[in-house]
1. Inspect region 9-16 for any residue being of a type in the set (A, V, I, L, M, F, W, C), within 15 Å of the chain's Cα centre (by Cα) and under 18 Å from Pro95 (Cα atoms) and give the result as yes or no.
2. Take the conditions more than 12 Å from Val67 (Cα to Cα), of a type in the set (Asp, Glu) and at pLDDT below 95 and apply them to Glu13. Does it pass?
Amino acid sequence: MWLIAMFDLPVKEVQDRKHYQQFHKALVRQGFMMLQYSVYARFFASEEGTASYRKAIRAVLPPKGQVRLLAITDKQFAKMEVFEGKTPAEPEKQPEQLMLF
């Protein structure tokens, strides 16, 4: 599963910028990677694994703006079309799983 966080947050006021930075840093600390500006994603082994991260994101929601969380399967994510200019590019790959013995 991929959990995608998409957000539009105000940044005109000093306090709004502070809330934006706090939210952004929280996503990065939780292992989300930037797909585009204001679109971050993280891979999970299962949908159940997203539950604690959804809760953590809800805990740091800024008071203004809009945040959307979307969970999609790895197969759906792999069907994403990505372009850099007019040149096709590959979507991000599923991270390697760590094996502990």
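1. no
2. Working: more than 12 Å from Val67 (Cα to Cα): yes; of a type in the set (Asp, Glu): yes; at pLDDT below 95: no.
It is false that Glu13 is more than 12 Å from Val67 (Cα to Cα), of a type in the set (Asp, Glu) and at pLDDT below 95.
The values are calculated or read from the model by the stated rules, or taken from the named source; none is laboratory data. Note that this is a predicted model, so its numbers are computed, not measured.
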